[in-house]
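Notes to accompany the following structure.
The values are calculated or read from the model by the stated rules, or taken from the named source; none is laboratory data. Because the structure is a prediction, the values reported are computed rather than measured. Virtual Cβ from ideal backbone geometry, glycine too; neighbours counted across all protein chains shown. SASA here: full protein model, heavy atoms, side chains in, ligands and nucleic acids out. Shrake-Rupley method; radii C 1.70, N 1.55, O 1.52, S 1.80 Å.
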Amino acid sequence: MFQDSPKLPNSQSHQSPYKARFNVRYLSWGLAIAVVGVVAGGIVSFRWFSEKLLLDLQDNLLGVAKLQATQIDQWLLERKGDARVLASRPTTINALKAFATNEPNSAIVQQQQANLTQLALDVQTSYDYRRIVFFNRQGQTVWQTGVQNPLPQEINTVFREADHQTSLGGEVRLIDLNLLKVNNQDLPVYGVLAYIYDEQNNFIGAAYLEKDPQNFLYSLLDRAANASTTAETLLVRREGNNIRYLNPLRFASDPPLRLSRSLDQDSLLATQAILQSRRLVRGTDYRDILVVGASFETTQAPWIVIYKVNLREANAPFRQLAIAISGLSGLLIGVVFWVGYQMLRLQRFKLEAIAREAEIEKAQIRAASASRYLTAIETAIDGYAVLDDRGYFLEVNVALGEMTGYDCDELLQRSIFDLLITDNLDPAQLLTEWGDRRRLKLYQQWRHKKGQIREMQLSLTTDLSEDQSRFFIFVQDITQQKQANAALGESEQRLYRAIQDAPFPILLYASDGEILQLNRTWTVLTGYDITEIPTIAAWAAKAYGEAYLTALQGIEKVYEIQNSTHDGEYAILTKDGEKRIWDFSSAPLGTLPDGRKLQITMAMDVTDRKADELALQAAKKQAEEANRAKSLFLANMSHELRTPLNGILGYAQILMFDESLSAEQKSSLSIIEQCGQHLLRLIADVLDFSKIEAQRLELIPTAVQFHYFILDIIQTCQIKATEKQLLLNYDIDPDIPDYLLVDDQRLRQVLLNLLGNAIKFTHQGSVVLDVQLSQPPQTPPKSPKHHWHRVHFAVRDTGCGIDPENHQKIFLPFEQIGDRRSRPHGTGLGLAISQKLVAMMGGELQLTSYPNKGSCFSFDLELSEVLVSPPLVAEDQATRDHLQIIGYVGRRQTILIVDSRWVNRSVIKHFLMPLGFKILEAENGKDGLMVAEAHPVDLIISEMVMPRMDGQAMAHQIRQLEKFRTIPIFAMSGDVLDHGWHNINSDFDAFLEKPLDFSNLLEMLQTHLHLTWVYEGDR
């Protein structure tokens, strides 16, 4: 419909003046950014280098202070060691005893004085002590070297305390730095005081070794001060509310121990080090000069070492760094400005050239604009038309024809009123209104050629420049848009109803805090409607009370979330004052038309659930405390019961070897031993069950010669079966491999328990142990190293049987069924332990039983076959195992027994001494350590739980001594729950469980001492 206009030739493209000005603006911004970057780089560099310098300064201060504190501690430890050695020398002990029991002029006193003089002078000259003084038990001086100067007042205080009367040898204490008045001069001294005990650990006196701090202490502190012009090391201590400076001061004339300051001076470095326990300190020193330093406390004396330098000297590297970086940054900024100036000049020249070219292009643009406009109208997706003053179409584009269903020629024969759907239409009036308005936007319904009603949006412009009015209209088909808006409205209404009727609280709000919707559940649970809490701030103030500001900050973070998030649980207050706990979650819902973000928050009232959780936690805590109390009780019970049993069973075994006893006496001893062993089995059952419950029982699989293993179990039970005249049989599958990998101790425990119960509850008939392969091997017989077998174990009897209602009950701990008067003895733990052990080994203990028809307990285990060579045992050795050991070959071995119970030491002593061993005894770890150092010892047996020093601590200290690095040490304990073999440290070589098994003890002695036994009949 539109005529094509001639196209203008494309003009050569040039850069526009606006773009050039835009480039100038960006260039200016670039220069500013470069300057800011240089300044920022300088600041960042200064901070980075400053932090490095600060760390180096801190490390240097801390290193020097720590080194000097460590050297002082080492020096004091060595002095305490000198005092301890001097106090323990026999010469010292004999001299003090002689002074206390003999006349001063007696020959023995004079001899002891000479010996003591030689010893003390050797120590004094070797370690440069000022003097050495010896005191009797009343604190009176009995002998001293050097001049007769007054003694420090602290020594008299020490003797008045009398706390050493309960101590045993080796106690040493420091006599702190103080001033002595000597020849009208104040002399700083310090020393160490060691208590002296005789061989019976009776307190008999003390030795005092006095040092001059000028010899080492002050010179040590002065060496570090030479590192810089203002460096200085201070040694201080607290005296009530004052600080005492103990060493000579570099920048003051006050002598040592004379200068003090009050702790009320908060700015003092010493005050910060003492009251605030700060390692790095900054403040003033005794001269009121600003300094920085580091402090370390000495562990051997109440002293604090402070190493400090003047703040001005410490800051010197920072000032030099700032000058260097500032100069470099200024140079870089000058270069940036020069480059920018040159680029601005070049850009100004370009702008002038662009302005000339722009004038030429404007003419070409005007000529081409008309053609482009017509082309745009023709190809537009919106409809376009020109109407005359009667409303007929004068011009139309293709898009309008597609919207109405008519082609362009058909539309040119019609008016707009032929398409318009309306009632009581007056075309003339409508055209007049259009002419008066000049520009307006209309919404009309047009009828499509096919009869459909289309929703149209018209933009109309009136042209009155010609004789007749003309109307230009642009038309958009908004039918689909209106349908979509209607559907969206319905969807929003459904969402509103869903939120409003939801069974949990929901809140819709905008990013400025305005609450848009509050559902019914929120109002019901809190009591607030939207009129009472129109904003998030109002909700926070009512729901969180005094903590509403903190809560509001957390809510504001929700505005930034991009995905749904769990906000957590919070306590809120309802309108009636009730405290509830809500679990909140939030999610973004997009953006509102006004640009605000829309958020949704949902909550769940978890008050009741939290109350249940707290109750559950309290119950769990109570159960854990009860379990810990039970474990502690069982551990104590084990130790307290096994200790006397050790004496009972030990002496019973020892007396059984006495040939002078009659048969009746040996029978009585056998009964004692059987009763003790029964009690021991009861304790073992209780402890095993406790270990299993606490998941502290571990399986230790070993290669077991399976057929002999089963036969040994049958032979063990045969005696009881014979006593009751029962037939005890076993049936083992011949295809079961010779060696299987299994924890033989625990499998033996299970089978012995099942067979023992079967014999116990069977009064006539038989008991059978059946061991069979339940399926063939899973891997071929020739597979390398291992393959697995499922082995079925069953114990059948012809006893009284078990009622079906008791099948589960008998596996409960401490549970026994049947008439209480006819029940056999026992704890009721055997089946409970067996069931749990079978489960740990991968099986399930099952029961088949009927009253008066017998019972069958069975389980299956997956066991691995192992290929090992059978053990070779010499016939002579096998015969000897049944003979009594009466001694051993070689020199006499010395064994040290350390146990706080006399009866335990006595049992081992009376068993080993007849075999030729020399026995030494000690009551605790500390005494054991002293005995071991004083006598040659070949082996040590130590109880784990002892006063003063336990067995583990003693063993660890013994291992630190060079001569005891390889000595065998056996741990011994009745508390197998907490001090079993798996709970002791690597300082021990073996573990003995109380009551002692003497055959096991002999095997360990033979292994670790490499003994060859002498048996009865060898001599």
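Data for the structure
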read-out: Positive-pole candidate from GLY383, GLN468, TYR406, dipole of the stretch 322-477, charges at beta carbon; value: GLY383
read-out: Carbon plus sulfur fraction of accessible area for the stretch 62-320, probe 1.4 Å, in percent; value: 47 percent
read-out: Computed over the stretch 885-1015, Kirkwood Rh from alpha-carbon pairs, angstrom; value: 14.7 Å
read-out: Heavy-atom accessible surface of the stretch 885-1015: percent carbon and sulfur, 1.4 Å; value: 51 percent
read-out: Dipole-positive endmost among ALA252, PHE203, VAL192 within the stretch 62-320 (Cβ charges, Cα centre); value: ALA252
read-out: Computed magnitude of the charge dipole of the stretch 468-585 (debye, nearest 20; Cβ of K, R +1, Cβ of D, E -1); value: 380 debye
read-out: Sorted peptide list for 106-112, 382-388, criterion being average Cβ within 10 angstrom, highest first; value: 382-388, 106-112
read-out: Solvent exposure of the stretch 383-477 as accessible area per residue, Å², 1.4 Å probe; value: 56 Å²
read-out: For the stretch 495-600, accessible area per residue (1.4 Å probe, heavy atoms of protein chains only), Å²; value: 54 Å²
read-out: Ranked packing of 840-847, 472-479, most packed first, by mean Cβ within 10 Å; value: 472-479, 840-847
read-out: Cross-link table LYS97/LYS909; LYS66/LYS181; LYS579/LYS621; LYS926/LYS963; LYS724/LYS853; LYS97/LYS918, entries beyond 24 Å C-alpha to C-alpha; value: LYS97/LYS909; LYS66/LYS181; LYS579/LYS621; LYS97/LYS918
read-out: Charge dipole (the stretch 885-1015, unit charges on Cβ, about Cα centre) - positive-most of GLY974, VAL907, GLN952; value: VAL907
read-out: Distance between the stretch 295-345 and the stretch 492-564 - C-alpha centres, whole angstrom; value: 53 Å
read-out: Cα-based reach from LYS557 at 21 Å (exclusive), listing lysines while leaving out same-chain residues under 8 positions away; value: LYS542, LYS597
read-out: Mean shadow area of the stretch 383-477 over all directions, Cα convex hull, nm²; value: 5.6 nm²
read-out: All aspartates and glutamates inside 16 Å of LYS610 as judged from Cα atoms, apart from same-chain residues fewer than 8 positions distant; value: GLU569, GLU578, ASP583
read-out: Cα-based convex hull, the stretch 495-600, per residue volume (Å³, whole number); value: 99 Å³
read-out: Three-way shape call for the stretch 315-453 based on the alpha-carbon gyration tensor, with the a/c threshold at 1.5; value: prolate
read-out: Point-charge dipole on Cβ atoms (K/R +1, D/E -1) for the stretch 383-477, about Cα centre, debye to 20; value: 320 debye
read-out: Dipole magnitude (debye, nearest 20) for the stretch 62-320, charges at Cβ of Lys, Arg, Asp, Glu; value: 620 debye
read-out: Straight-distance crosslink candidates among aspartates and glutamates, where the alpha carbon sits under 20 Å from LYS809 and sequence neighbours closer than 8 are dropped; value: ASP685, ASP688, GLU693, ASP797, ASP819, GLU844
read-out: Within the accessible area of the stretch 541-629 (1.4 Å probe), percent carbon and sulfur; value: 54 percent
read-out: Cβ-defined net charge surrounding SER511, 14 Å radius [Lys, Arg +1; Asp, Glu -1]; value: -2
